[in-house]
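Engineer: Structure incoming, see below.
The values are calculated or read from the model by the stated rules, or taken from the named source; none is laboratory data. These numbers were taken from a predicted model, which means no experiment stands behind them. So basically every Cβ, Gly included, is an ideal-geometry build from the backbone, and we count neighbours across all protein chains shown. Keep in mind that these areas ignore ligands, DNA and RNA; they rest on the heavy atoms of the full protein, side chains included. Shrake-Rupley method; radii C 1.70, N 1.55, O 1.52, S 1.80 Å.
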Amino acid sequence: MKTIYTSNAPAAIGPYSQAIQAGNLLFASGQVPLSPQTGQVVGSSITEQAEQVMRNIGAILTEAGTDFTHVVKTTCFLADMADFAAFNQVYAQYFTGKPARSCVAVKSLPKDVLCEVEVIAVTQ
């Protein structure tokens, strides 16, 4: 197993890694809309926050030598299912290969953000 870390995505805010590569699979921890530079929440709308989440995921995928087209599974967490359609508009721009997905509403997310996404990807 190999730990994946990049300064282009937020540092872990707990006892976990940004991602772990095991063989040719990458398991990325859930990403929330934090700025890698400041650690602060980026944006107040679901669209702004989802965009930051995707930037963070993209940075981790790049560090592992892969990209969005190699993501095979996502798990998405929304603070409010009323944001589902707006979240999907951002999501669809990045996950063009339409990986398998689960999307659930949860009571709350770290730092009271509106969304969190974790991915499993194949590395190249």
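Engineer: Can you tell me which of (1) at pLDDT 95 or above; (2) under 22 Å from LYS107 (Cα atoms); (3) open to solvent by 80 Å² or more (accessible area, probe 1.4 Å) is the one ILE13 doesn't meet?
Structural biologist: Of (1) at pLDDT 95 or above; (2) under 22 Å from LYS107 (Cα atoms); (3) open to solvent by 80 Å² or more (accessible area, probe 1.4 Å), only one is false for ILE13: (1).
Engineer: Turning to a different aspect of this structure: In this structure, is ASN56 modelled with pLDDT of 95 or more, part of a helix (DSSP H, G or I) and surrounded by 20 or more Cβ atoms within 10 Å (Cβ to Cβ)?
Structural biologist: Numbers: modelled with pLDDT of 95 or more: yes; part of a helix (DSSP H, G or I): yes; surrounded by 20 or more Cβ atoms within 10 Å (Cβ to Cβ): yes.
It is true that ASN56 is modelled with pLDDT of 95 or more, part of a helix (DSSP H, G or I) and surrounded by 20 or more Cβ atoms within 10 Å (Cβ to Cβ).
Engineer: Scanning for something farther than 14 Å from VAL32 by Cβ and open to solvent by 30 Å² or more (accessible area, probe 1.4 Å), does region 109-117 turn up at least one residue? Let's see the steps before the verdict.
Structural biologist: Within region 109-117, the first condition is being farther than 14 Å from VAL32 by Cβ, and the residues that meet it are none.
There is no residue in region 109-117 that is farther than 14 Å from VAL32 by Cβ and open to solvent by 30 Å² or more (accessible area, probe 1.4 Å).
Engineer: Taking interchain pairs and intrachain pairs at least six residues apart, which have beta carbon atoms under 6 angstrom, with the first residue in region 62-77 and more than 25 Å from LEU109 (Cα to Cα) and modelled with pLDDT of 95 or more and the second open to solvent by less than 20 Å² (accessible area, probe 1.4 Å) and in a loop (DSSP other than H, G, I, E, B)?
Structural biologist: GLU63/THR6; ALA64/THR123; GLY65/THR123; THR66/THR123
Engineer: Got a sec? Which of THR66, THR62 is closer than 19 Å to THR3 by Cα, polar (S, T, N, Q) and not in a loop (DSSP other than H, G, I, E, B)? Walk me through how you get there before you give the answer.
Structural biologist: On the way: THR66 fails: not in a loop (DSSP other than H, G, I, E, B).
Being closer than 19 Å to THR3 by Cα, polar (S, T, N, Q) and not in a loop (DSSP other than H, G, I, E, B) holds for just one of THR66, THR62, which is THR62.
Engineer: Continuing with this model, one more query. Listed residues ALA82, ALA50, ALA92; which is closer than 13 Å to LEU114 by Cα, among the small types (Gly, Ala, Ser), open to solvent by 40 Å² or more (accessible area, probe 1.4 Å) and at pLDDT 95 or above?
Structural biologist: From the options ALA82, ALA50, ALA92, the qualifying one is ALA82.
Engineer: How many residues does region 30-44 contain that are out of contact with any strand residue (DSSP E or B) (no Cβ under 6 Å at 6 or more places or on another chain) and either closer than 12 Å to ILE120 by Cα or without any contact (Cβ under 8 Å) to a residue 24 or more places away in the chain (or both)?
Structural biologist: Here the count works out to 6.
Engineer: Restricting region 16-36 to residues that are open to solvent by 30 Å² or more (accessible area, probe 1.4 Å) and assigned to a loop (DSSP other than H, G, I, E, B), which is nearest to GLN49 (Cα to Cα)?
Structural biologist: This residue is PRO36.
Engineer: Considering only residues that are assigned to a strand (DSSP E or B) and either in contact with a Cys (Cβ under 8 Å, 6 or more places away or on another chain) or open to solvent by 60 Å² or more (accessible area, probe 1.4 Å) (or both), which ones fall in region 95-105? Break it down stepwise before answering.
Structural biologist: Start the filter on region 95-105 by keeping residues that are assigned to a strand (DSSP E or B), which leaves 100-105.
Across region 95-105, the qualifying residues are ARG101, SER102, CYS103, VAL104.
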